[in-house]
Amino acid sequence: MPIFQRFRENWARPALFFGNNPVSLAGGAITTASGITMIGYWAVEWIGHPSRSPYLGIILFLILPALFVLGLALIPVGMYVRRKRLHNEGQIPAAFPKVDFNDRVFRHGVDVVLVATIVNLLVVSVASYRGAAYMDSPQFCGQSCHVMHPEYAAYQVSSHSHVDCVQCHIGNGATSYVEAKVNGTKQLIEVTLRPMAGMAPKLIPTYPTPIPSPVRNLRPAREICEACHTPTRFTGEKLLVKSSFADDEQNTETQTVVVLHLGGVDSFSNRSGIHGMHLGHVEYITTDETRTTIPWVQRRNADGSETVYAASALGGKVPKGEQRVMDCIDCHNRAAHSMQTAEDALNRAMAEGAISPELPFVHKKGLELLKAQYATEAEARQKIPAQLEAFYRSEHPEVIASKAKMVKAASDGLVSIFTHNVFPDMKVTWGTHPDNIGHMNYPGCFRCHDGDHSAQNGTAITQDCSVCHNLLAVDEKKPKVLTDLGITVPITP
């Protein structure tokens, strides 16, 4: 008997016979369909056409690999169940086919199984890797779940938009990865059950709106920020130029010029400037969830001694609260998810030209539209352009006639500002998430440098502005200092 005929008689036919059952057939269909779909998408992606849909990514990288493995598992399960049933009915003997590697037919059967196994392992391995990589992508973190929409929108326009979420939020090693996925599973359950939360709010878990800030389980700044920003490097001075526009018809532009003494650790190991005086040797106790109220500060001096500065209301007592060693995150608390005030965002857009200052009263009207109440993002997208156009049609019809494109660009700019900072469904509005850098819009520096934190010897935390910065110009039109420095285009941070 020819070898392939023997193979069919002794191995292929029994396999097909046992595999001819609904469970195994369904498993084969599921595995084949999901495998072809995954391989087809990988080929399309390889030639340069990746999908940008987060939900398609979930299907391709998470659901289909799971279905592929499920289908593979169903095939032997179905065969086993069918064989057991036929054996119980007395239609087949209890013995399995003889295992004999001296039999060429058997060896060919093993070869077929090995090739199929290798192919399946390759598909499963690639799918597993792609699934894990997808779950680590900013697209998955920010777009798959609408709860993270505010954070993802702010992340996209931040200076850290090129840094993957996992580099800050997930540490190295299996433990950190598992903890992150367990936390993600908890959030998934909260999102899924939220529609039912109204029926039993005390029993059904749900996510908070807005998402609380700061993040309590964020990795230490030494593992995050300092991986790129070397703490021992002496940064020195930084020139900051900030443009502002008035509410008059001409949108009068002025600049404020500041020199920031960032400092650091210089070549003589002397600490100076903002970074040098704060990092690594200041502890504080905060008594509120947002770390805005700081009544107690302890500083380690160069000689190893410690000085405690406490608010007068404490009466010498140590308050109860969260005690932390000050690090980057305590000031740069929104470094990758910065949400601006309406004024700052509009001034920046006008300085960059996204909204033209040539449009009369665009600053005043723009602020009015940005700060108006909108029930949904869709309502804001509809009303902001409509009301800006209506304003110019009624008050300045000549603008609509001659600068219609500028009005359209201004509308788009205002909508972009609103949709990157205000999220009605998550109850995020202007000022929901304070930014501790500076002290113009939020307490920031004045959480400690408020003149009320004093030591037992009578010294207080300084309020001397020049320790941290020097003002070279304040709201001046075309400041001379910029001309002297050869700066003709305002630098907007």
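The values are calculated or read from the model by the stated rules, or taken from the named source; none is laboratory data. Predicted, not measured: the structure shown is a model, and the values here were computed from it. Virtual Cβ from ideal backbone geometry, glycine too; neighbours counted across all protein chains shown. Just the protein is used for accessible areas: all its heavy atoms, side chains included, with ligands, DNA and RNA removed. Shrake-Rupley method; radii C 1.70, N 1.55, O 1.52, S 1.80 Å.
Remarks
- Within region 229-241, residues that are more than 20 Å from residue 488 (Cα to Cα) and open to solvent by less than 80 Å² (accessible area, probe 1.4 Å) have Cβ atoms under 9 Å from residues that are modelled with pLDDT under 70 and not in a strand (DSSP E or B) in these pairs: 236/266, counting only partners at least 6 apart in sequence or on another chain.
- Residue 379 vs. criteria open to solvent by less than 60 Å² (accessible area, probe 1.4 Å) and charged (D, E, K, R): yes
- None of 443, 424 is at pLDDT below 95 and open to solvent by 60 Å² or more (accessible area, probe 1.4 Å) except 443.
- Residue match in region 114-133 (condition: on the phi < 0 side of the Ramachandran plot, of a type in the set (D, E, K, R), within 11 Å of the chain's Cα centre (by Cα) and buried (at least 18 other Cβ atoms within 10 Å of the Cβ)): no
- Within region 289-314, the set of residues being in contact (Cβ under 8 Å) with a residue 24 or more places away in the chain, open to solvent by less than 50 Å² (accessible area, probe 1.4 Å) and either over 17 Å from residue 457 (Cα atoms) or in a loop (DSSP other than H, G, I, E, B) (or both) comprises 291, 292, 294, 295.
- Pairs where the first residue, in region 59-70, is touching a residue at least 24 places away in the same chain (Cβ under 8 Å) and over 16 Å from residue 133 (Cβ atoms) and the second is open to solvent by 20 Å² or more (accessible area, probe 1.4 Å) and aliphatic (A, V, I, L, M), C-beta under 7 Å, 6+ apart: 67/30; 68/124; 69/124; 70/30
- Criterion (closer than 21 Å to residue 341 by Cα, surrounded by 15 or more Cβ atoms within 10 Å (Cβ to Cβ) and of a type in the set (Ser, Thr, Tyr)) met by exactly one of 392, 374: 374
- Tally, over region 321-354, of residues that are closer than 16 Å to residue 282 by Cα and charged (D, E, K, R): 4
- Within region 158-182, residues that are more than 20 Å from residue 339 (Cβ to Cβ) have Cβ atoms under 8 Å from residues that are part of a loop (DSSP other than H, G, I, E, B) and open to solvent by 70 Å² or more (accessible area, probe 1.4 Å) in these pairs: 171/223, counting only partners at least 6 apart in sequence or on another chain.
- A residue that is closer than 23 Å to residue 465 by Cβ, of a type in the set (Asp, Glu), open to solvent by less than 40 Å² (accessible area, probe 1.4 Å) and not in a strand (DSSP E or B) can be found somewhere in region 328-337.
- Considering the conditions (1) more than 26 Å from residue 162 (Cα to Cα); (2) surrounded by 19 or more Cβ atoms within 10 Å (Cβ to Cβ), residue 414 is excluded by exactly one of them, (1).
- The residue pairs whose first member lies in region 137-154 and is open to solvent by less than 30 Å² (accessible area, probe 1.4 Å), whose second member is of a type in the set (S, T, N, Q) and assigned to a helix (DSSP H, G or I), and whose beta carbons are closer than 9 Å, counting only pairs six or more residues apart or on different chains, are 138/156; 142/156; 147/187; 153/419.
- Within region 357-371, the set of residues being open to solvent by less than 20 Å² (accessible area, probe 1.4 Å) and part of a loop (DSSP other than H, G, I, E, B) comprises 359, 360.
- Exactly one residue among 315, 321 is over 22 Å from the mean Cα position of the chain (by Cα) and under 20 Å from residue 220 (Cα atoms), and that residue is 321.
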